[in-house]
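Engineer: Please read through the structure below; I'll follow up with questions.
The values are calculated or read from the model by the stated rules, or taken from the named source; none is laboratory data. Since the structure is predicted, the reported quantities are computational estimates derived from the model, not experimental observations. So basically every Cβ, Gly included, is an ideal-geometry build from the backbone, and we count neighbours across all protein chains shown.
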There are 2 protein chains.
Amino acid sequence: MVMGFLDERSKQILYAVVQSYISKLEPVGSKFVTRKYSFGFSPATVRNIMADLDDLGFLSQPHTSAGRVPTDKGYRFYVDSLPDSNVISEDNELMGEFICQLTKRLENIRSDINSMFLEVTNSLSMMSNYIGVVTPPKPEKTTFNRIDFIRYKGDKVVTILLTEEGVIKNKILSVDSRFTQEDLNRIAEYLNSECLGHTIDEIKNMLIKKAHGEKAVWDKLIARAIKIYEQAISFSGDDVYVSGLYEMMNLPDFSEISKIREISRAIKDKHIILKLLDEFSDSKGVRVFIGNENPVEELKNLSVVASTYREKDRPMGVIALIGPTRMDYSRAIYMVDTIARCISRTFD
Amino acid sequence: MVMGFLDERSKQILYAVVQSYISKLEPVGSKFVTRKYSFGFSPATVRNIMADLDDLGFLSQPHTSAGRVPTDKGYRFYVDSLPDSNVISEDNELMGEFICQLTKRLENIRSDINSMFLEVTNSLSMMSNYIGVVTPPKPEKTTFNRIDFIRYKGDKVVTILLTEEGVIKNKILSVDSRFTQEDLNRIAEYLNSECLGHTIDEIKNMLIKKAHGEKAVWDKLIARAIKIYEQAISFSGDDVYVSGLYEMMNLPDFSEISKIREISRAIKDKHIILKLLDEFSDSKGVRVFIGNENPVEELKNLSVVASTYREKDRPMGVIALIGPTRMDYSRAIYMVDTIARCISRTFD
DNA sequence: ATTAGCACTCTCATGATGAGAGTGCTAATA
DNA sequence: TATTAGCACTCTCATCATGAGAGTGCTAAT
């Protein structure tokens, strides 16, 4: 990003301040900077520069006579000037180990996509102490594999929809009680022969088009198929995996109850999370929202690091970490990136 | 319960103290008791009695010169001498309203048992401000309705198990790749004809018995059926609906962070909850665990109010409220009882 | 342009103080 | 004999003053 108006020295110091604050969580003073990083400047010089950075809105002071704390803008600078995420972070060996284990565990439960996502969110939050979030593949982006209908008690029908990705959706519908199992089988057979390999939302349009083109014999069948199919795929809402509130509580950032309340309120309502992650769903690579950059009101003083996992380069779902604005961005980005790749790999 | 060694007057005062503390959440003093409840005694008399109750372990003092606070034993006395739960609590009209609405909502989503339980836990926690918990019907207590197998990608098979109660369980299994869909159909057909109406755990034994009795032709089929059936029903763990941490945080009881941490740690691990609720799973009517009566270490300073919901008088699962020991027991008991009945009703 | 020096400001931990609430005990009362 | 009034005592909590410590901004010297 263009921060052209900052000279090299200011950048160095800003970077140093943010980094120190992230690891210490205490306002950092001029003296500390000179002691820890041996630039050639004296505390007084650093003080002057920090005052400038303050004026420019990168830093701020909790009170007149405290050290400096980064603003959201300051964090933004820091994140943008972070070295590439494939440059390994210090504690990388440990994390590599962890991720290696995770990969193995995922291999084993790959067939059960639900437990896979559960495992991923848990690992994310445990490793990072932030809140781990994963959205399962969006129903409309998944690929049809097979559908079946089973009569069940009275006028009920159980629908089982299998997708290529291994997502199983089942629903109990009420249908016209004159439908026999025969009818249902015919509809299923029809759908299975026509739809294999298409994405779930292509299919609906496809069917409608077909309904117009085909001869009258099929007409009724297709109409029925469309109707029942629509019900089967309708989104049942609230499909997000979230975990890590407890882990996050242990961070010193959240030593005040009000803050914890704020967060739990935000993550309690999965709609909010869903709305947030929607923002990421088409972007490539890791993206970061810092504090008030956040499009969602409830998360204005938290940060989000997110990426998508993909199947053959089509984005399927989002994986993210939500943490304090004072987050270890380097680490978080590395984790999200790695695990997103890891999930993508299991899809191929 | 036998508290024979307490005379009538002591009981009255103990009851009054507990009740006051529950509603005020502040240590209650002798003067307050005399003012609020007009027994004929002076503060001094009450003081003497309270000192006795203290000696007997029903009350305790936070510090020398504060009012009294109930101990777990004190709460136990209170709960045991509570009037019957069908005696209506004061705010009953409001709650009746709420429960009426809940019943209606449940009617609508009855076919989808998962959303039903979600709805119940949410309602429980919102109404009570405690943590609402519901366990779905224990797999081994549910009744077989139908099973189906669908081949899926390579050596995978998707199993769909329907129960009378409307619980759908699906699993992706790996099977011997020589199994054709034909084989699977035969197995399913066999199971469906034999098992209808039996409970899930009866069936396993039944099959094994059959395997001994029948002629050799069936032998292989039954063996296969047993094997695949076992895999299909195996418990995937962690099936508990929990909600209300946020609501509970707003209670003054949890103004300290450490307490919130304690709780979230306890409810994070669903095994703990499961273990706890197991204690209730066969009992009839509402039961209450107060503080250290609790069999689970992690919940030693919380209370649990629980009951079972039933189908034709067979207990299916547990519904509970977890809250501070200073809980509005009267209200909680009423709620749990009513909602348990309400769920039971939807099963008939 | 940089830096040393210094006065200044603000926080935070500490301790003193006093009001308030409630107790336990004793002596008076019915 | 059981109850109660009275009173000294204890403990908490909010408030205030104090001073050390950390870090700043500004000025004058390098």
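Engineer: Checking A:Met206 against (1) part of a strand (DSSP E or B); (2) in contact with a His (Cβ under 8 Å, 6 or more places away or on another chain): exactly one of these is not met. Which one?
Structural biologist: (1)
Engineer: Go through the stretch B:115-169 and report how many residues are touching a helix residue (DSSP H, G or I) at 6+ places or on another chain (Cβ under 6 Å), closer than 22 Å to B:Cys195 by Cα, more than 13 Å from chain A (Cβ to nearest Cβ) and surrounded by 20 or more Cβ atoms within 10 Å (Cβ to Cβ).
Structural biologist: Summing the residues that are touching a helix residue (DSSP H, G or I) at 6+ places or on another chain (Cβ under 6 Å), closer than 22 Å to B:Cys195 by Cα, more than 13 Å from chain A (Cβ to nearest Cβ) and surrounded by 20 or more Cβ atoms within 10 Å (Cβ to Cβ) in the stretch B:115-169 gives 1.
Engineer: Hey, among the residues in the stretch A:291-327 that are under 20 Å from A:Pro252 (Cα atoms) and among the basic types (Lys, Arg), which one's surrounded by the most Cβ atoms within 10 Å (Cβ to Cβ)?
Structural biologist: Across the stretch A:291-327, the extreme among qualifying residues is A:Arg326.
Engineer: Pick from the stretch A:99-114 the residues that are away from chain B (no Cβ under 13 Å) and of a type in the set (A, V, I, L, M, F, W, C): which of them is farthest from B:Gly154 (Cα to Cα)?
Structural biologist: A:Ile99
Engineer: Does the stretch A:65-85 hold any residues that are more than 14 Å from A:Val17 (Cβ to Cβ) and within 7 Å of DNA strand D (Cβ to nearest atom), and which are they?
Structural biologist: Once the filter is applied, which keeps residues that are more than 14 Å from A:Val17 (Cβ to Cβ) and within 7 Å of DNA strand D (Cβ to nearest atom), the stretch A:65-85 yields only A:Ser65.
Engineer: Quick test of your reading of the structure: A:Thr34 fulfils all but one of (1) farther than 24 Å from A:Pro324 by Cα; (2) near DNA strand D (Cβ under 9 Å from one of its atoms). Name the failing condition by number.
Structural biologist: For A:Thr34, the exception is condition (2).
Engineer: Spot the failing condition for A:Asp148; the list is (1) over 30 Å from A:Gly244 (Cα atoms); (2) part of a loop (DSSP other than H, G, I, E, B), and only one is missed.
Structural biologist: Result: A:Asp148 fails condition (2) only.
Engineer: Considering A:Tyr21, A:Tyr15, which residue is more than 10 Å from DNA strand C (Cβ to nearest atom), away from chain B (no Cβ under 14 Å), touching a helix residue (DSSP H, G or I) at 6+ places or on another chain (Cβ under 7 Å) and not aliphatic (A, V, I, L, M)?
Structural biologist: A:Tyr15
Engineer: Identify the single condition in (1) assigned to a helix (DSSP H, G or I); (2) without any contact (Cβ under 8 Å) to a residue 24 or more places away in the chain; (3) over 11 Å from A:Ala225 (Cβ atoms) that A:Asn185 does not satisfy, given that it satisfies every other one.
Structural biologist: Evaluating A:Asn185 over (1) assigned to a helix (DSSP H, G or I); (2) without any contact (Cβ under 8 Å) to a residue 24 or more places away in the chain; (3) over 11 Å from A:Ala225 (Cβ atoms) leaves (2) as the failure.
Matching residues to (1) aliphatic (A, V, I, L, M); (2) within 14 Å of chain A (Cβ to nearest Cβ); (3) more than 16 Å from DNA strand C (Cβ to nearest atom):
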{"position": "B:Ser10", "(1), (2), (3)": "no, no, no"}
{"position": "B:Pro27", "(1), (2), (3)": "no, no, no"}
{"position": "B:Tyr37", "(1), (2), (3)": "no, no, no"}
{"position": "B:Ile49", "(1), (2), (3)": "yes, no, no"}
{"position": "B:Gly57", "(1), (2), (3)": "no, no, no"}
{"position": "B:Gly67", "(1), (2), (3)": "no, no, no"}
{"position": "B:Ser81", "(1), (2), (3)": "no, no, yes"}
{"position": "B:Glu93", "(1), (2), (3)": "no, no, yes"}
{"position": "B:Glu97", "(1), (2), (3)": "no, no, yes"}
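Engineer: Take the conditions among the polar types (S, T, N, Q), more than 9 Å from DNA strand C (Cβ to nearest atom) and over 25 Å from B:Ser330 (Cβ atoms) and apply them to B:Thr71. Does it pass? Before you say what the answer is, go through the steps one by one.
Structural biologist: Values: among the polar types (S, T, N, Q): yes; more than 9 Å from DNA strand C (Cβ to nearest atom): yes; over 25 Å from B:Ser330 (Cβ atoms): no.
No; evaluated as a whole, the condition is false for this residue.
Engineer: Would you check which residues across the stretch B:107-128 are more than 18 Å from the chain's Cα centre (by Cα), closer than 11 Å to B:Ile343 by Cα and in a helix (DSSP H, G or I) and list them?
Structural biologist: Pass one, the stretch B:107-128, residues more than 18 Å from the chain's Cα centre (by Cα): B:107-112.
From what is left, the residues that are closer than 11 Å to B:Ile343 by Cα are B:107, B:110.
Residue satisfying the conditions is B:Glu107 alone.
Engineer: Looking at (1) touching a helix residue (DSSP H, G or I) at 6+ places or on another chain (Cβ under 9 Å); (2) more than 14 Å from chain B (Cβ to nearest Cβ), which is the only condition A:Val242 fails?
Structural biologist: (2)
Engineer: Taking the conditions exactly as written (more than 10 Å from chain A (Cβ to nearest Cβ), under 27 Å from A:Glu247 (Cβ atoms) and charged (D, E, K, R)), does B:Glu298 satisfy them or not? Before the answer, list the steps.
Structural biologist: Numbers: more than 10 Å from chain A (Cβ to nearest Cβ): yes; under 27 Å from A:Glu247 (Cβ atoms): yes; charged (D, E, K, R): yes.
So B:Glu298 passes the test.
Engineer: From the list A:Leu124, A:Leu118, which residue is hydrophobic (A, V, I, L, M, F, W, C) and farther than 22 Å from A:Thr163 by Cα? Working first, answer last.
Structural biologist: Numbers: A:Leu118 fails: farther than 22 Å from A:Thr163 by Cα.
Within the list A:Leu124, A:Leu118, the selection yields A:Leu124.
Engineer: B:Ile233 - would you say it is in contact with a Cys (Cβ under 7 Å, 6 or more places away or on another chain), away from every other protein chain (no Cβ under 13 Å) and in contact (Cβ under 8 Å) with a residue 12 or more places away in the chain?
Structural biologist: Working: in contact with a Cys (Cβ under 7 Å, 6 or more places away or on another chain): no; away from every other protein chain (no Cβ under 13 Å): yes; in contact (Cβ under 8 Å) with a residue 12 or more places away in the chain: yes.
For B:Ile233, the condition - in contact with a Cys (Cβ under 7 Å, 6 or more places away or on another chain), away from every other protein chain (no Cβ under 13 Å) and in contact (Cβ under 8 Å) with a residue 12 or more places away in the chain - is not met.
Engineer: If you scan the stretch B:11-69, which residues turn out to be surrounded by fewer than 16 Cβ atoms within 10 Å (Cβ to Cβ) and over 38 Å from the mean Cα position of the chain (by Cα)?
Structural biologist: B:Lys31, B:Arg35, B:Ser38, B:Phe39, B:Gly40, B:Ser42, B:Pro43, B:Ala44, B:Thr45, B:Asn48, B:Thr64, B:Ser65
Engineer: Scanning the stretch B:197-249 for residues that are out of contact with any strand residue (DSSP E or B) (no Cβ under 9 Å at 6 or more places or on another chain) and at positive phi, which turns out modelled with the lowest pLDDT?
Structural biologist: Here is the first cut: in the stretch B:197-249, the residues out of contact with any strand residue (DSSP E or B) (no Cβ under 9 Å at 6 or more places or on another chain) are B:201, B:204-227, B:230, B:235, B:237-239, B:246, B:249.
Those still in the list that are at positive phi too: B:237-238.
Numbers: B:Gly237: 57, B:Asp238: 61.
Checked the stretch B:197-249; the qualifying residue modelled with the lowest pLDDT is B:Gly237.
Engineer: Out of curiosity, is B:Ser174 under 25 Å from A:Thr159 (Cβ atoms), within 11 Å of chain A (Cβ to nearest Cβ) and exposed (fewer than 13 other Cβ atoms within 10 Å of the Cβ)?
Structural biologist: Yes.
Engineer: The conditions are (1) at pLDDT below 95; (2) more than 12 Å from the chain's Cα centre (by Cα), and B:Pro324 fails exactly one of them. Which is it?
Structural biologist: Unmet for B:Pro324, out of (1) at pLDDT below 95; (2) more than 12 Å from the chain's Cα centre (by Cα): (1).
Engineer: So which helices (runs of 4 or more DSSP H) stay within the stretch A:239-337 end to end and still have 2 or more residues that are in contact with a Phe, Trp or Tyr (Cβ under 8 Å, 6 or more places away or on another chain) and in contact (Cβ under 8 Å) with a residue 12 or more places away in the chain?
Structural biologist: So the answer is A:245-249, A:257-268.
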